[in-house]
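The values are calculated or read from the model by the stated rules, or taken from the named source; none is laboratory data. This is a predicted model, so every value here is computed, not measured. Ideal geometry is used to build each Cβ from the backbone, glycine not excepted, and the neighbour counts take in all protein chains shown.
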Amino acid sequence: MDRTSRVIAIWLLQFFAEMQQEEQENGDELAIYKNLEIERVPEAVDHVSWNGSVTDVAGSLMSNLILRHSLPNANHRTGITMAQTYLEAAGADFETPKTHTEAYEWREWVDPYIIESKRLLTVRRHNLYFLTLKRN
């Protein structure tokens with residue numbers, strides 16, 4: 001991995017570990033439904049459009065990390081956290097709601113986006129099935 005991809009991969013792994021710990025402390029287990037594929041991070045980074053506004057870059061980074069699905073779970077939450085971290089590092093002049101809270105109040109503002117994103121990912125993964133159904 002190049003330096004940029006390595007830094008992002010390390011941050012993702014740290015965020016993921018924090019989420020696992022947070023879930024355990026709340027009496028929940030973060031379901032692991034696939035293997036870690038950290039080698040997919042460079043694919044995500046290579047597809048980020050780094051020349052836009054700070055918010056556009058943060059959105060592109062988040063979206064590409066979610067689409068590459070390199071973690072065994074919590075890809076949306078880590079993508080959102082990565083976007084927050086990028087915005088803070090870039091000196092954005094607004095504050096995003098915190099995603100590391102005990103009461104999970106962040107879910108209220110982010111759940112509609114996660115639900116829609118998961119719907120789009122499902123369609124994307126199964127587009128051949130949908131195409132076949134459309135033809136019949």
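So the values come out like this:
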item	result
Any chance Ile66 is surrounded by 13 or more Cβ atoms within 10 Å (Cβ to Cβ), over 25 Å from Val123 (Cβ atoms) and of a type in the set (A, V, I, L, M)	no
Those residues of the range 24-40 which are part of a helix (DSSP H, G or I) and closer than 20 Å to Ser117 by Cβ, in sequence order	Arg40
Filtered residues of the range 31-64 (kept if within 15 Å of Arg6 (Cα to Cα) and touching a His at 6+ places or on another chain (Cβ under 9 Å))	Glu37, Arg40
Residue that is nearest to Ala74 (Cα to Cα), among those in the range 1-55 that are among the acidic types (Asp, Glu) and modelled with pLDDT of 90 or more	Glu37
Only listed residue being in a helix (DSSP H, G or I), of a type in the set (Asp, Glu), within 15 Å of the chain's Cα centre (by Cα) and within 17 Å of Leu121 (Cβ to Cβ), chosen from Glu43, Glu18	Glu43
The range 1-14, residues that are surrounded by 15 or more Cβ atoms within 10 Å (Cβ to Cβ) and among the polar types (S, T, N, Q)	Ser5
Enumeration of residues in the range 15-37 that are surrounded by fewer than 18 Cβ atoms within 10 Å (Cβ to Cβ) and in contact with a Ser or Thr (Cβ under 8 Å, 6 or more places away or on another chain)	Leu36, Glu37
Residue in the range 78-96 that is outside any loop (DSSP other than H, G, I, E, B), out of contact with any Ser or Thr (no Cβ under 9 Å at 6 or more places or on another chain), surrounded by fewer than 17 Cβ atoms within 10 Å (Cβ to Cβ) and without any contact (Cβ under 8 Å) to a residue 24 or more places away in the chain present	yes
Count of the range 46-60 residues which are part of a loop (DSSP other than H, G, I, E, B) and surrounded by 13 or more Cβ atoms within 10 Å (Cβ to Cβ)	2
